[in-house]
């Protein structure tokens, strides 16, 4: 806390703006909280709140990745000497998650929630973590309890919609989304909820695209990246490239937010499905060369090709442990994809950072049996190798129920993605995969031919 009245007033303003979860409100929150810290350098609660603002900006935009990373590291180090309090436990948990110490991180969030059960931000952070520790069934029960106490909480309603759909309760999911829509809220969570309805539940990228295009308020760069990805999965590549070019010219500092649609385009280039004009547009995008290379490497790995990775980092055995550590920090999915290809080629020992990540992430990926997991869970399960072939197949089928709004179009790599090298051996894999592709990606692409 602080004895400086002005610093406290600035803190209250900053906290209130932060919980609006909009790009512009996060920018304003950053400014107010920094002013509060300038008035009292030992105002640790404001520092922890500012750390949370930078973390929220990863999902809601408004602050660049370079600033987020630099300031979060600075704030974390400054909070090391602070006394213990709930929001500091959140900061510590966030740091532990970034180092893939998932179990220890969950314990910190659990402690934060125990000490501050009525803080909505800590409560939501804890419940999100709970889904990976206890499963989504438990999460839905907890979300329904929050709904009774606060029926208009947009963040809770969005997460209730997501968790309900994961466990197969589509009716409850749609009810939660309707409650959000009825509030006519324009926050990022409200937008995400409607996007989830159209893309995941309806499996209609065109409806999702129409919805995003109908939004009158300014969209953040992450939402713009989703919009561009929706164009790509429907073969509107020329439109996608032109919009990507315009966005990068208007917001060059936020280029990192466009990494996934760029990867999709590089994969299409590798498969020679872009036109000559589209290939030229792709090459001229105003992006750092290193960023382009990273996108090309990931695209190639999703297609099962390690050539560009090897040419950049060296073949396995030539890559230093320091390089592996850096890859784990900067390009985790790239490293996991590469490791899956190595395993498929007969490698028996995983690179040390990968072995650690797999071990620490396994419980999260196992508890939900492939449902609602992150993009790296299929990789973790394949690299761990503890599931039987029938179990791998069941997890694979479960995962097909949930399209990924953060990696729109990831499904198009179903037959080449190294994540599925293990389950590919199942006799029903190819039939199931092709049926899914026929009903989604291939149908979407044909709709605009």
Check: Just to be sure, is residue 179 part of a helix (DSSP H, G or I) and either under 22 Å from the mean Cα position of the chain (by Cα) or modelled with pLDDT of 95 or more (or both)?
Finding: yes
Among 406, 413, the single one that is under 24 Å from the mean Cα position of the chain (by Cα) and modelled with pLDDT of 95 or more is 413
Per the list (1) surrounded by 20 or more Cβ atoms within 10 Å (Cβ to Cβ); (2) modelled with pLDDT of 95 or more, residue check on residue 303 breaks on (1)
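Of all residues being in a loop (DSSP other than H, G, I, E, B) and under 31 Å from the mean Cα position of the chain (by Cα) in region 1-30, which is nearest to residue 119 (Cα to Cα)? Just the residue, please.
As a first pass, look at region 1-30 and keep what is in a loop (DSSP other than H, G, I, E, B): 1-4, 19-22.
If we keep only those that are under 31 Å from the mean Cα position of the chain (by Cα) too, we end up with 19-22.
On the way: 19: 12, 20: 15, 21: 16, 22: 20 Å.
For region 1-30, the residue satisfying everything is 19.
Is there a residue in region 370-383 that is under 13 Å from residue 166 (Cβ atoms) and touching a residue at least 40 places away in the same chain (Cβ under 8 Å)? Give the derivation first.
Just the residues of region 370-383 that are under 13 Å from residue 166 (Cβ atoms), to begin with: 370-374, 377.
Narrowing the set further to residues that are touching a residue at least 40 places away in the same chain (Cβ under 8 Å) leaves 371-372.
Checked region 370-383: at least one residue is under 13 Å from residue 166 (Cβ atoms) and touching a residue at least 40 places away in the same chain (Cβ under 8 Å).
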Of the listed residues (39, 79, 75, 33), the one being within 25 Å of residue 222 (Cα to Cα) and more than 25 Å from the chain's Cα centre (by Cα) is 33
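For residue 239, state whether it is in contact with a helix residue (DSSP H, G or I) (Cβ under 8 Å, 6 or more places away or on another chain) and in contact (Cβ under 8 Å) with a residue 12 or more places away in the chain. Before you say what the answer is, go through the steps one by one.
Details: in contact with a helix residue (DSSP H, G or I) (Cβ under 8 Å, 6 or more places away or on another chain): yes; in contact (Cβ under 8 Å) with a residue 12 or more places away in the chain: no.
No, not satisfied.
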Quick count over region 344-358, residues being within 15 Å of residue 385 (Cβ to Cβ), assigned to a helix (DSSP H, G or I) and in contact (Cβ under 8 Å) with a residue 24 or more places away in the chain, is 4
If we keep only residues of region 98-130 that are at pLDDT 80 or above and not in a helix (DSSP H, G or I), then the residue surrounded by the fewest Cβ atoms within 10 Å (Cβ to Cβ) is 118
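Could you go through region 153-162 and let me know if any residue there is in a loop (DSSP other than H, G, I, E, B) and surrounded by 19 or more Cβ atoms within 10 Å (Cβ to Cβ).
Applying the first criterion (in a loop (DSSP other than H, G, I, E, B)) to region 153-162 yields 153.
Cutting the leftovers down to surrounded by 19 or more Cβ atoms within 10 Å (Cβ to Cβ) gives us 153.
So far as region 153-162 goes, yes, one or more of its residues are in a loop (DSSP other than H, G, I, E, B) and surrounded by 19 or more Cβ atoms within 10 Å (Cβ to Cβ).
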Within region 264-303, the count of residues that are touching a residue at least 12 places away in the same chain (Cβ under 8 Å) and assigned to a helix (DSSP H, G or I) comes to 23
Flagged pairs (Cβ under 8 angstrom, 6 or more apart or on separate chains; first in region 58-75, on the phi > 0 side of the Ramachandran plot and touching a residue at least 24 places away in the same chain (Cβ under 8 Å); second in a loop (DSSP other than H, G, I, E, B) and buried (at least 21 other Cβ atoms within 10 Å of the Cβ)) are 61/220; 62/22; 62/220
### Query
Does region 308-329 contain any residue that is crowded, with 16+ Cβ neighbours inside 10 Å, part of a helix (DSSP H, G or I) and touching a residue at least 60 places away in the same chain (Cβ under 8 Å)?
yes
message: If I filter region 68-89 for residues that are crowded, with 19+ Cβ neighbours inside 10 Å and part of a loop (DSSP other than H, G, I, E, B), do I get at least one hit?
response: no
Note on region 21-39: residues modelled with pLDDT of 95 or more and crowded, with 20+ Cβ neighbours inside 10 Å are 29, 30, 32, 33, 36, 37
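So, residue 151, is that one farther than 24 Å from residue 407 by Cβ and without any contact (Cβ under 8 Å) to a residue 40 or more places away in the chain or not?
On the way: farther than 24 Å from residue 407 by Cβ: yes; without any contact (Cβ under 8 Å) to a residue 40 or more places away in the chain: yes.
Taking the combined requirement at face value, the residue satisfies it.
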Heads up, the helices (runs of 4 or more DSSP H) in region 367-445 (entirely inside) with at least 2 residues that are surrounded by fewer than 16 Cβ atoms within 10 Å (Cβ to Cβ) and out of contact with any strand residue (DSSP E or B) (no Cβ under 7 Å at 6 or more places or on another chain) are 389-399, 429-439
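A quick yes/no check of all residues on (1) over 27 Å from residue 365 (Cβ atoms); (2) touching a strand residue (DSSP E or B) at 6+ places or on another chain (Cβ under 9 Å); (3) at pLDDT 90 or above:
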site: 132; (1), (2), (3): no, no, no
site: 144; (1), (2), (3): no, no, yes
site: 147; (1), (2), (3): yes, no, yes
site: 158; (1), (2), (3): no, no, yes
site: 183; (1), (2), (3): yes, no, yes
site: 195; (1), (2), (3): no, no, yes
site: 202; (1), (2), (3): no, no, yes
site: 209; (1), (2), (3): yes, no, yes
site: 215; (1), (2), (3): yes, no, yes
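The values are calculated or read from the model by the stated rules, or taken from the named source; none is laboratory data. In this text the structure is predicted, and so the values were computed from the model without any measurement. Here Cβ is always computed from backbone atoms with ideal geometry, including for glycine, and neighbour counts include all displayed protein chains.
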